[in-house]
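Quick note: the coordinates plus some simple rules give every number you see, no bench work behind them. Predicted model only: the values in this text are computed from it and were never measured. FYI the Cβ positions are ideal-geometry reconstructions off the backbone, even for glycines, and counts take in every protein chain you see.
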Amino acid sequence: MSDDAAINTALVAAQGEFGQIVKDQRADAGRRGVYGYLSHDALNAAVVPVLTKHGLAVVQKLESRDDGLWLLTELRHAEGGQIDSAFRFPYLPDDWQGLGSAISYARRYVLLALLNIAPADDDDDGRAASASRARPTPERAPGWSERTRGAIFATLHELQAAHPPPDSDDSWQVTARRYVKQTFGHDSMSELSEREAQQLLGSIRARQALLDQQQARDVDAAWSDSEDAHRDEPDSAFVAPTPREDDPDA
């Protein structure tokens, strides 16, 4: 039997034995209500024994590439066959807890898709994903787009390069996090909704424009002061050299 035939036969047998997998955890989304989700422990408890019985094993690993962070999932058969899946994270939270939750979420749902498993009450995930202003929980997907995130951090980088804060131990990203805490009450920028992120981006760009204008005024003032101080002096760049005594043309 070929490797492909062996893994296909084993997967067919395993899928026939999975049975119904019920979401075992609940999360409070505030005004949007409570939704259920399947924990990694419950998923492994439901599928790993069946996969092992039929000579199948799952390997999941993270890989950093030029275009971002990827989750690579491999379903391997004892006789050598393999089915691969690759998922690129569209967004990476800026805090470790958020990153861990995003990775855990991706690992579960990529594996569910690979094994063609739909947990009971799966529409709960759709309701949770639509809660744009739900109170943040470890299972809450980021509310702001990758495009907005890129614009925010690119502008902060430009601001840091052009106008470093007076305190060398500080940075504009730290200032942005304080703004997020004071304005929206979030402990992390990863908890922002798209509307909140757009407001943050507008504030950063306004600060950048203000500092650019101030810098331009300072340059103009310095140039004006220099002109006043040297108004009666010849421009050294245009002063003719004094002829040497031994110069025949002098």
Distance (nanometres) between label positions extended 7 Å along Cα→Cβ at residue 161 and residue 24: 4.9 nm
Most exposed first, judged by fewest Cβ atoms within 10 angstrom, 54, 186 run 186, 54
Label-reachable residues, segment 183-207, where backbone N falls under 12 Å from a point 7 Å from residue 95's Cα toward its Cβ: 185-192
Tell me, in nm to one decimal, what length is gained between residue 5 and residue 74 on full extension, where the rule is 0.36 nm per residue of separation less the Cα-Cα distance? 23.2 nm
Modelled FRET efficiency - R0 35 Å, residue 64 with residue 218, Cβ distances, 0.05 increments: 0.25
Among 156-163, 102-109, 57-64, how do they line up from the highest to the lowest mean number of other beta-carbon atoms within 10 Å? 102-109, 156-163, 57-64
Rounded FRET efficiency, nearest 0.05, which uses the C-beta distance separating residue 209 from residue 57 and R0 of 51 Å: 0.35
